[in-house]
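Report on one structure; see the data block that follows.
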Amino acid sequence: MNLRIAVIGVGHLGRHHARILSSLPGADLVAAVDTNRARAEEVAAAHQTRACFDHRELLGTVDAVTIAVPTELHSEIALPFLQAGTPVLVEKPMARTLVEADSMIAAAAASKVPLAVGHTERFNPAVVAARPLLTDPRFIEVHRLGAFPERSLDIDVVFDLMIHDLDVVLSLVRSEVETIEAVGVPVLTGRVDIANARLRFANGCIANLTASRISRDRVRKIRFFQPAAYLSIDYAAQKVELWSLVRNDGALPAIQGGDVEVANEEPLRRELADFVDAVAVRRTPLVTGEDGRRALALAQRITDRMTTEMQPRTHESTKKTS
């Protein structure tokens, strides 16, 4: 029997949730929900489902929901469903604050239902193909650059873009972040639009991450350096390259490698399929509420560090001009 699933919030990302869920094995898209009536009706008509304008009408009538509304509403909408025992997939970042994230995790635990967080890059076939090849990353370089968006301007670029890579890095480096250096600049908005963070992990690994939403070119790349090997992932192209130092008996060492085989597929489809399966068989989803919280906590540490770094300079600048 298929799961009755509703999508709450069918804007830029939510309409893709609806598109995929409408044809995903094991799922029945029973409602497209949005406070924008025209948008809800448009998406519902496109996928032969019901348009709904108030998510509260669905409580107790669905088997699961996915939530793709502005971040400030995540906790408010997710909590009633979790408390009613309805599994939830909520887009990243999972909440505005760690307090909200903790309340969502606690509600899911109390009801014993899955809480998944939409860190889609974890499902990127390139990341999946690269994961077994990453044995001991010592340095990681990340660039996530894009043009100025018309959405997600309620949060800064760390929570909007960089958090994707924070989650991926945290899932690959099994060590705690010890120190953070970070700088961020608001350029076109009142929030940080371009940011750089340098993370040092307890095991010695260093990750350098740059995220921008004011760049001309679109770049989605992450590079790993480990003993005798270099691996590069292009998220957008779903391409992986691996180059390794090969030592042959009696000959000089040589560098060999090239493209790694990747089974291309839409990451969001994989993510939603994992959620549907997790609900159906009552297992833990690949990206849990705890994973979402960990990425959120690191993003918050980075933005806090940016604030700390800027304060002395502001004071010094004021002092010089006075």
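Points worth noting:
- Prolate/oblate/rounded call for the stretch 7-71, Cα gyration tensor, a/c under 1.5 rounded: rounded
- Relative contact order [Cα under 8 Å, 6+ residues apart], the stretch 91-211, whole percent: 26 percent
- FRET efficiency, Arg56 to Asp277 (Cβ-Cβ, R0 30 Å, nearest 0.05): 0.65
- The stretch 70-216 - Rg (one decimal) and Dmax (whole number), Cα, Å: 16.6, 46
- Along principal axes, Cα extents of the stretch 222-268, largest first, whole Å: 48, 18, 11
- Taking amide hydrogens as placed 1.01 Å from N in the peptide plane, the amide H of Ala31 sits under 5 Å from those of Val7, Arg50, each at least 5 positions away in sequence or on another chain.
- Entry for mean projected area of the Cα convex hull in nm² (calculated from the structure that is shown) out of [x] 14.7; [y] 20.5; [z] 16.1: [y]
- Length available on full extension from Ser175 to Thr189: 0.36 nm per residue minus the Cα-Cα distance, which gives 1.6 nm.
- In terms of overall dimensions, the C-alpha atoms belonging to the stretch 1-115 reach 37, 31, 22 Å along their principal axes, ordered largest to smallest.
- Note on Ala251 and Val219: the model spin-label points, each 7 Å out from Cα along the C-beta direction, lie 3.5 nm apart.
- Under the criterion of Cα pairs below 8 Å and six or more residues apart, the relative contact order for the stretch 36-151 equals 18 percent.
- Cleavage-rule hits (trypsin sites (Lys or Arg not before Pro)) in the stretch 217-287: DSSP loop, at most 11 neighbouring Cβ within 10 angstrom: Arg218, Arg247, Arg282, Arg283
- Note on the stretch 180-322: with neighbouring protein chains present and a 1.4 Å probe, carbon and sulfur make up 50 percent of its accessible heavy-atom surface.
- Pairwise Lys count, the chain - Cα closer than 28 Å, eight or more residues apart or different chains: 4
- Once C-alpha pairs closer than 8 Å and six or more residues apart are averaged by separation and normalised to the residue number of the chain, the relative contact order reads 18 percent.
- Computed label-point distance, nm, for sites Glu241 and Gln300 using a 7 Å Cα→Cβ extension: 3.9 nm
- Rolling a 1.4 Å probe over the heavy atoms of the protein chains gives the chain an accessible area of 48 Å² per residue.
- Distance between the modelled labels on Glu42 and Asp259, one decimal in nanometres: 3.7 nm (7 Å Cα→Cβ projection).
- Cα Rg over Rh - the stretch 144-273, Kirkwood: 1.04
- Computed per residue of the chain from DSSP H runs no shorter than four, each worth -39500 (n - 2.57), the mean residue ellipticity at 222 nm is -10500 deg cm²/dmol.
The values are calculated or read from the model by the stated rules, or taken from the named source; none is laboratory data. Predicted model only: the values in this text are computed from it and were never measured. Virtual Cβ from ideal backbone geometry, glycine too; neighbours counted across all protein chains shown. SASA here: full protein model, heavy atoms, side chains in, ligands and nucleic acids out. Shrake-Rupley method; radii C 1.70, N 1.55, O 1.52, S 1.80 Å.
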